[in-house]
Amino acid sequence: LQQKHTPGMSLGQKHVIDHVEWSRRLVAAEVSKTDMDRLVMQYLVTEGYKEAAEQFALDTCIEPEVELATIGERMAIRNAVQEGDIPAAIEKVNDLNPELLDTHPRLYFQLRLQHLVELIR
């Protein structure tokens, strides 16, 4: 297991910790219930479990970072990308948020690059 750069290490050096040290740090790590609930909510939203996310929000008072009403559209975008239909994915992104690709040119570039890959396949 490797750890990111820490003060006192040169940039090329990597600090390696063994399994025992990793386990010790894992046990010592404290994760609050709120943080865990946010993580669960993020998972539910990301994976498209709208009804579960709605119920989880009611049970925990944790609000999702996105509108739950958009989960269906988000899943349609993801499915289009996974199926290789990049033009449809771009159209769906523009329908959901017309400014997103203009304000995130790297995302737009990556989608166009993926479209090229799909055309080559």
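What aspartates and glutamates could a cross-link reach from Lys33, if we take a straight Cα to Cα line under 16 Å and drop same-chain neighbours fewer than 8 places away?
Counting by Cα, and skipping residues close in sequence, Lys33 has these aspartates and glutamates nearby: Asp59, Glu63.
Please give the length that would be gained between Glu83 and Asp59 if that part of the chain were fully extended, namely 0.36 nm times their separation in residues minus their C-alpha to C-alpha distance (nm, one decimal).
Contour length minus the Cα-Cα distance gives 5.1 nm.
Just to verify a number: FRET efficiency for Glu21 and Arg112, C-beta to C-beta distance, R0 = 41 Å, to 0.05?
For R0 = 41 Å, the calculated efficiency reads 0.40.
Using R₀ = 25 Å, calculate the FRET efficiency as 1/(1 + (r/R₀)^6) where r is the Cβ-Cβ separation of Leu96 and Val40; round to 0.05.
About 0.55, to the nearest 0.05.
Find the accessible area per residue for the chain; the probe is 1.4 Å, ligands and nucleic acids are left out, and the unit is Å².
78 Å²
With runs of 4+ DSSP H residues as the only contributors, calculate the mean residue ellipticity of the chain at 222 nm using -39,500 (n - 2.57) per run, divided by the residue total and rounded to the nearest 500.
For the chain, the value works out to -19500 deg cm²/dmol.
Pick from Val40, Val81, Val31: which residue has the top mean-square fluctuation in a GNM of the chain where Cα pairs under 10 Å get a spring?
Val31
Expressed as a whole number of Å, what is the distance separating the alpha-carbon centroids of the range 22-70 and the range 77-121?
27 Å
Debye calculation, C-alpha points only, no solvent: report log10 I(q)/I(0) for the chain at q = 0.12, 0.13, 0.19 Å⁻¹, in the same order as the q values.
-0.76, -0.83, -0.96
If you roll a 1.4 angstrom probe over the protein chains with everything in place, what fraction of the accessible area of the range 57-104 belongs to carbon and sulfur, to the nearest %?
48 percent
The values are calculated or read from the model by the stated rules, or taken from the named source; none is laboratory data. Given the structure is predicted, the values throughout are model-derived calculations rather than measurements. Neighbour counts are summed over all protein chains in view; Cβ atoms, including those assigned to glycine, are modelled from backbone coordinates with ideal geometry. With ligands, DNA and RNA removed, areas are computed over all heavy atoms of the protein, side chains included. Shrake-Rupley method; radii C 1.70, N 1.55, O 1.52, S 1.80 Å.
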